[in-house]
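The values are calculated or read from the model by the stated rules, or taken from the named source; none is laboratory data. In this text, all values refer to a predicted model and were calculated from it rather than measured experimentally. Neighbour counts are summed over all protein chains in view; Cβ atoms, including those assigned to glycine, are modelled from backbone coordinates with ideal geometry. In case anyone asks, the SASA skips ligands and DNA or RNA and just uses the protein heavy atoms, side chains included. Shrake-Rupley method; radii C 1.70, N 1.55, O 1.52, S 1.80 Å.
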Amino acid sequence: MVQDGFAYLVESQFVRGILKVYDVSRPSMPTPIPSADRFIDNRPVDLAIQPQRLIVGTTVPARSLPSNLHVFDISAPDDPQWVGAASVSNGVL
């Protein structure tokens, strides 16, 4: 996802993810911003963006449908802040 010259990606490590941010103001030379890396519990399966907000859908490793939504404030792209989560599943896990 790209917004305001920054690209947001989630690296999947199967049991968790890492939110990564890149400065893409010069598209031919994307620059990683390592200080913006954020660990995300469970396996990331989806990503959405709204003004000032990034939403990451995650699930447990054995499923492919999102079961949780993690919301980040990206008003400062080099320092995304986790602001909350919501469960969208009908079970405990």
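Yes or no, residue by residue, for (1) under 13 Å from D79 (Cα atoms); (2) modelled with pLDDT of 95 or more; (3) touching a helix residue (DSSP H, G or I) at 6+ places or on another chain (Cβ under 8 Å); (4) surrounded by 12 or more Cβ atoms within 10 Å (Cβ to Cβ):
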residue: F14; (1), (2), (3), (4): no, no, no, no
residue: V21; (1), (2), (3), (4): yes, yes, yes, yes
residue: V24; (1), (2), (3), (4): no, yes, no, yes
residue: P30; (1), (2), (3), (4): no, yes, no, yes
residue: A36; (1), (2), (3), (4): yes, yes, no, yes
residue: N42; (1), (2), (3), (4): no, no, no, yes
residue: L47; (1), (2), (3), (4): no, no, no, yes
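The set of residues in the stretch 49-66 being at pLDDT 90 or above and either open to solvent by 30 Å² or more (accessible area, probe 1.4 Å) or assigned to a loop (DSSP other than H, G, I, E, B) (or both) consists of I49, Q50, P51, Q52, R53, I55. Could you say whether any residue in the stretch 67-75 is at pLDDT 95 or above and open to solvent by 50 Å² or more (accessible area, probe 1.4 Å)? Taking every residue of the stretch 67-75 in turn, at least one turns out to be at pLDDT 95 or above and open to solvent by 50 Å² or more (accessible area, probe 1.4 Å).
The set of residues in the stretch 6-35 that are in contact (Cβ under 8 Å) with a residue 60 or more places away in the chain and more than 9 Å from the chain's Cα centre (by Cα) contains only F6.
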